[in-house]
């Protein structure tokens, strides 16, 4: 199955079309309590992940929440180009 995740095309040969979104996220080893997912332009509620199918060609945006903070600016190596 081919997916676009955060703008990158990825091939998941081991996952069949129709796989549950929750299974894909487990496969990616992402912690469910620290992410939000958008599928084809729609935000998917965490409670709906087990019933939400992922299909060939879907576009996913996965955002990870990061805790913490600092009074110091981030190093240049952490900044987007």
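Each value in this text was obtained by applying a stated rule to the coordinates, not by laboratory testing. Just so it is clear, the structure is predicted and the values come from calculations on it, not from any experiment.
Under the 0.36 nm per residue contour assumption, what length would be gained going from the current alpha-carbon distance of residue 11 and residue 36 to full extension?
6.9 nm
Any chance you could run the full-extension gain for residue 20 through residue 51? It's 0.36 nm times the residue separation minus the Cα-Cα distance, nm to one decimal.
10.5 nm
Using the Kirkwood formula on the Cα atoms of region 2-65, what hydrodynamic radius do you get, in angstrom to one decimal?
11.6
Distance between Cα centroids, region 23-41 to region 50-64: provide it in whole Å.
Taking the Cα centre of each part, region 23-41 and region 50-64 sit 8 Å apart.
Find the relative contact order for region 2-65 and round it to a whole percent, using C-alpha pairs within less than 8 Å whose residues are 6+ positions apart.
Across region 2-65, relative contact order equals 47 percent.
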